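Student: Okay, handing you the structure first.
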DNA sequence: CTGCATGCAAAGAGTTTGCATAGCC
DNA sequence: GGCTATGCAAACTCTTTGCATGCAG
């Protein structure tokens, strides 16, 4: 991609401005996480980065993730019975999580901030952060039949995971 | 409490209707989880139930939680860098999570369903479950100063955990 | 009585940490 | 060159599983 150089130099600047050293491993890890939209797991980052840096270790992945979180570049998404996934989108948004293909899509909604502001006001609760996930079936999986399970945990039924979200009558 | 007998017999019925045996341990575990509003961890359930059933094991806590989830009585709430917490409220609602005292309060909002229905429609995504958390500072902690950290992880700064929620400008 | 549930301990998964070496600044 | 970051492996935390015994139905 044409702008990979731009991304890379901005990553280097960000690390140095925060007092971190910009090592090749950190740059590669950050470049992958910040440019993908697939909300990867730490293991996924590990296997992707290993293609270019075969000696990289999982410990370095986790340390770099922690640094990126510390610098406000990244947040983590936890779900019951599944690994933590990473999200470089720091704007208020919600997640559409497909039970079938395990894909996580971001959805920006203009009304969300108003909604939150009203709840914050009514509940007398000063909101500093949010996390909004909708679980369900994406259009692609409804159209395409079985869907792409490449990101799904092998052999695990997705309906079991649905039990961890408040049911919504459809 | 006066209705503990009612809760107990309804727990027994629920287990038997689903083909589970209603053992004293399961009844005690379920009674505690279903009647508390503090969204306990498995460890908290363990220590509470041990008061009446000193020989109960953590494995039984976890298998009972799994049974309750299976019966649709319970969901789990995961947050980065903290243990899974339990929520017996199965109605669509959102969570107000205080960074200071670690308390989790439920908030029912009449507009939430409309909001979700609209997103579902616009995104062409069939919603089956939801998870909506707001992180911030509760009124009690703002009024009372330091707040009650009895549920907070010892020695851990709560600001670190805030990094895992999309920042909201206040 | 029959078979599921319990309690114990050990295994598992994901993540973190300790330490000697490597390499950024 | 000083000092942080790396890579390896071992430790850690939370959760799950295997198995012999116990007890609900």
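Student: Among all residue pairs at least 6 apart or on different chains, which show Cβ distances below 6 Å where the first residue, located in region A:96-107, is more than 9 Å from every other protein chain (Cβ to nearest Cβ) and at pLDDT 95 or above and the second is surrounded by fewer than 20 Cβ atoms within 10 Å (Cβ to Cβ) and not in a strand (DSSP E or B)?
Tutor: Taking only residues 6 or more apart or on different chains, the pairs are A:106/A:89; A:106/A:93.
Student: Where residues in region A:81-95 are assigned to a strand (DSSP E or B) and within 8 Å of chain B (Cβ to nearest Cβ), which of them is nearest to residue B:112 (Cα to Cα)?
Tutor: Step one: filter region A:81-95 for residues assigned to a strand (DSSP E or B), giving A:82-87, A:94-95.
Next, from what is left, pick out any that are within 8 Å of chain B (Cβ to nearest Cβ): A:84, A:94.
Working: A:84: 26, A:94: 13 Å.
Ranking the qualifying residues of region A:81-95, first place goes to A:94.
Student: Looking only at region B:130-154, count how many residues are more than 10 Å from chain A (Cβ to nearest Cβ) and either on the phi > 0 side of the Ramachandran plot or at pLDDT 90 or above (or both). Lay out the reasoning, then the answer.
Tutor: As a first pass, look at region B:130-154 and keep what is more than 10 Å from chain A (Cβ to nearest Cβ): B:144-154.
Narrowing further to those that are either on the phi > 0 side of the Ramachandran plot or at pLDDT 90 or above (or both): B:145, B:147.
Residues that pass the stated criteria total 2.
Student: Filter region A:23-43 down to residues that are more than 14 Å from chain B (Cβ to nearest Cβ) and in contact (Cβ under 8 Å) with a residue 60 or more places away in the chain and give me whichever is farthest from DNA strand C (Cβ to nearest atom).
Tutor: Our first condition is that a residue be more than 14 Å from chain B (Cβ to nearest Cβ); within region A:23-43, this holds for A:23-38, A:40, A:43.
Within this subset, residues satisfying the condition of being in contact (Cβ under 8 Å) with a residue 60 or more places away in the chain are A:37-38.
Numbers: A:37: 19, A:38: 16 Å.
So the residue we want is A:37.
Student: For region A:99-148, enumerate the residues that are in contact with a helix residue (DSSP H, G or I) (Cβ under 9 Å, 6 or more places away or on another chain), in a strand (DSSP E or B) and over 14 Å from residue B:125 (Cβ atoms).
Tutor: The answer is A:126, A:127, A:128, A:129, A:130.
Student: Looking at the structure I just gave you, is residue A:20 within 13 Å of another protein chain (Cβ to nearest Cβ), within 11 Å of DNA strand D (Cβ to nearest atom) and modelled with pLDDT of 95 or more? If you could, list the steps in order and put the result at the bottom.
Tutor: Details: within 13 Å of another protein chain (Cβ to nearest Cβ): no; within 11 Å of DNA strand D (Cβ to nearest atom): yes; modelled with pLDDT of 95 or more: yes.
Here the answer is no, as residue A:20 does not meet what is asked.
Student: Being within 11 Å of chain B (Cβ to nearest Cβ), without any contact (Cβ under 8 Å) to a residue 24 or more places away in the chain and more than 16 Å from residue A:22 (Cα to Cα) is the filter; apply it to region A:44-80 and report the residue that is nearest to DNA strand D (Cβ to nearest atom).
Tutor: Looking at the filtered set, the residue picked out is A:78.
The values are calculated or read from the model by the stated rules, or taken from the named source; none is laboratory data. This is a predicted model, so every value here is computed, not measured. In this analysis, Cβ positions are derived from the backbone assuming ideal geometry, glycine residues included, and neighbour counts consider all displayed protein chains.
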